[in-house]
1. Confirm whether B:GLU205 is modelled with pLDDT under 95 and surrounded by 13 or more Cβ atoms within 10 Å (Cβ to Cβ).
2. So, of the residues in the range A:267-299 that are under 17 Å from A:VAL26 (Cβ atoms) and modelled with pLDDT under 75, which turns out to be farthest from the other protein chains (Cβ to nearest Cβ)?
3. Looking at B:GLU217, is it acidic (Asp, Glu), in contact with a helix residue (DSSP H, G or I) (Cβ under 7 Å, 6 or more places away or on another chain) and at pLDDT below 95?
4. Name the single residue, out of those in the range B:43-56 being away from chain A (no Cβ under 14 Å) and over 12 Å from the mean Cα position of the chain (by Cα), that is surrounded by the fewest Cβ atoms within 10 Å (Cβ to Cβ).
5. B:LEU33 versus (1) crowded, with 22+ Cβ neighbours inside 10 Å; (2) touching a residue at least 40 places away in the same chain (Cβ under 8 Å); (3) within 14 Å of chain A (Cβ to nearest Cβ): which is the lone unmet condition?
6. State whether one or more residues within the range B:173-181 are farther than 26 Å from A:TYR169 by Cβ, surrounded by 19 or more Cβ atoms within 10 Å (Cβ to Cβ) and at pLDDT below 95.
7. If you take the residues in the range A:168-193 that are β-branched (Val, Ile, Thr) and assigned to a helix (DSSP H, G or I), which one is farthest from A:VAL25 (Cα to Cα)?
Amino acid sequence: MSEFWQQVVGGLATGSVYGLLALAVVLIYRSTTVLNMAQGEMATLTTFAAWSILQWGDYWIMFPLVLIIAAGMGAFIERVIIRPVEGAPVLNIIIVTLGLFAIFNNVSSWRWGGIPKGFPTPPEIHVMGIKFFGGGALDIGPTVVSYHDLTILVFAVGIMVALYLFFQYTPLGLAMRATAQNPVASRLMGIRVGRMLTVGWALSATVGAVAGLLIAPLILLQPPMMMGVLLYAFAAAVLGGLDSPVGAVVGGLIIGITENLVGTYTPKEWLGPDMKLTVTLLIIVVVLLVRPTGLFGRRTMRRV
Amino acid sequence: MLQVRDLVAAYGPIVALHGVSLDVPAGSIVAVLGANGAGKSSTLRAISGLLRPKSGSIKFEGQRIDHLSAEQIVSLGMSHIPEGRQLFSELTVLENLRLGAYSRFAQADGGGHLAHRQGLSLLGRLQHDLIQAATGGIRDLARTIRGYRQRKQDFEAGLKQVFDYFPILAQRKNQIAGTLSGGEQQMLAIGRGLMASPRLLLLDEPSMGLAPLVTREIFEIVQTINRAQGVTILVVEQNANLALEIAHYGYVLETGYIALAGTSENLRKSEAVRRSYLGQ
């Protein structure tokens with residue numbers, strides 16, 4: 001039983017990372033219907049920036065700094081690269097993001113080299129005698145969990161709660177939701193739609209950056225680090241419904257857990273770890289056959 | 001209050017307005033009548049900034065507004081309630097009303113810095129935009145914190161007023177807007193427009209898709225808004241009978257031209273209007 005729970009918690013942790021990157025994808029998709037192919041590479045780039053900052057600075061100085069860099073990068077990309085092609089067909093814009101993917105990937109290799117680098121987990125902090133973050137493992141009764149898995153869960157939950165509060169209870173969050181639904185009406189309300197899109201990209205890049213910082217200690221920092229993760233993130237977003245932030249997270253968790261359980265419990269001769277991605281994607285196909293808009297997708301009917 | 005002169009506007013190569021001129025005196029209700037495709041909605045879209053005019057001028061309270069964007073114009077005190085209502089149909093009634101008041105909270109800056117931007121090089125513009133985005137965000141934040149209580153009071157007062165006009169909206173304030181009936185949706189659209197506390201209301205086809213009784217109810221409330229609050233109203237309507245009943249002045253649009261203009265009584269008496277628009 002212990003092994004089962006270990007796999008589940010591990011799946012929750014990696015699933016959270018998929019969910020965070022899926023969330024980043026959804027934040028852009030639902031306001032622009034653009035699937036940002038460069039989402040993973042943007043996160044890789046900010047994680048490399050984080051690595052460089054760590055060469056002279058403390059982790060907790062680096063962390064806010066990287067979030068600011070990511071937000072600035074997201075805003076800059078929207079303003080300078082996406083804005084000029086705004087009116088173009090969606091496919092064209094997706095190709096542009098594919099171009100960004102190639103550029104960022106090359107920049108990472110060129111500036112930081114292709115040799116995998118170790119990346120630290122957040123250093124431990126003690127609050128009221130309870131240890132947060134850091135290495136080691138924690139005995140939680142049914143099983144033993146690594147501290148980094150818990151760290152990932154804490155960050156993921158924190159970000160989701162923060163985003164929920166932001167979208168639900170602040171005027172800016174409400175304006176962003178309005179813009180995603182009806183840009184023309186939003187303009188009539190006095191909302192500057194362009195600025196909302198810029199904020200959306202900034203937010204998305206920031207969430208992606210956290211995903212990068214959290215996954216890097218598990219899979220080593222290198223230019224193609226996020227490629228596999230982005231594939232899972234896309235799958236998670238589609239599973240949850242591309243326009244639903246909640247769906248993205250739930251989709252990520254489902255995929256994370258399924259992947260771990262299939263990898264552990266199916267016999268090697270039959271499926272086993274090598275086929276875990278296939279099985280996961282197969283489950284997604286089945287879900288989409290039943291619910292074409294994904295688990296939480298709502299855009300089933302559209303008024304003409 | 002509003003003066004439109006020789007307004008020409010087009011969608012790409014298709015010219016929708018061939019030089020429309022009209023006046024809306026303060027405190028009045030002015031109706032624009034006409035058949036489908038006559039350019040009624042385009043006139044409103046051009047006035048509210050959704051459709052950039054090719055030539056001509058639009059003055060609102062003495063200020064030229066034809067170079068301003070829709071998001072700037074609304075904060076000057078003009079609300080456009082568009083054709084087909086254009087609600088945020090997945091948000092609640094209350095959220096729609098909140099968004100109606102958005103322009104009062106985060107007032108878009110006037111045309112000043114835009115004119116400044118025009119004179120800059122490409123790189124200068126980029127720098128200008130980035131600084132604007134950053135400082136604009138900080139300004140908004142500062143405004144949000146400053147005078148929070150005042151704006152909350154203004155919002156509550158506006159909300160109470162809308163609920164007084166449309167009590168049904170108060171009952172349904174937590175309902176998703178898309179699930180309201182057609183009449184309720186039109187009420188919400190008007191209520192959302194009123195939340196910006198406009199001095200001029202542009203109303204596009206309030207009767208569209210509604211039962212005659214509901215339409216009448218809405219027109220009566222529109223008249224009340226005009227009388228009780230002194231809000232000037234420019235209404236576009238296919239139902240000429242009803243529109244001329246509440247309006248002081250009327251214009252008849254025909255394929256992008258003003259074909260007829262006059263007081264409501266004169267238009268109702270006019271042979272051409274009776275034949276084409278009143279069905280008499």
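The values are calculated or read from the model by the stated rules, or taken from the named source; none is laboratory data. Bear in mind that the values here come from a model prediction, so they are computed numbers and not experimental data. So basically every Cβ, Gly included, is an ideal-geometry build from the backbone, and we count neighbours across all protein chains shown.
1. yes
2. A:ARG299
3. Considered against the rule, which asks whether it is acidic (Asp, Glu), in contact with a helix residue (DSSP H, G or I) (Cβ under 7 Å, 6 or more places away or on another chain) and at pLDDT below 95, B:GLU217 comes out as no.
4. Checking each candidate, the answer is B:SER55.
5. Evaluating B:LEU33 over (1) crowded, with 22+ Cβ neighbours inside 10 Å; (2) touching a residue at least 40 places away in the same chain (Cβ under 8 Å); (3) within 14 Å of chain A (Cβ to nearest Cβ) leaves (3) as the failure.
6. The answer is no, given that none of the residues of the range B:173-181 is farther than 26 Å from A:TYR169 by Cβ, surrounded by 19 or more Cβ atoms within 10 Å (Cβ to Cβ) and at pLDDT below 95.
7. Checked the range A:168-193; the qualifying residue farthest from A:VAL25 (Cα to Cα) is A:VAL184.
Residue-by-condition table, conditions (1) within 18 Å of A:GLY256 (Cα to Cα); (2) free of Cβ contacts under 8 Å to residues at least 60 places away in the same chain; (3) more than 12 Å from chain B (Cβ to nearest Cβ):
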{"residue": "A:LEU163", "(1), (2), (3)": "no, no, yes"}
{"residue": "A:TYR169", "(1), (2), (3)": "no, yes, no"}
{"residue": "A:LEU172", "(1), (2), (3)": "no, yes, no"}
{"residue": "A:ARG177", "(1), (2), (3)": "no, yes, no"}
{"residue": "A:LEU188", "(1), (2), (3)": "no, yes, no"}
{"residue": "A:VAL199", "(1), (2), (3)": "no, no, no"}
{"residue": "A:ALA202", "(1), (2), (3)": "no, no, no"}
{"residue": "A:LEU218", "(1), (2), (3)": "yes, no, yes"}
{"residue": "A:GLN222", "(1), (2), (3)": "no, no, yes"}
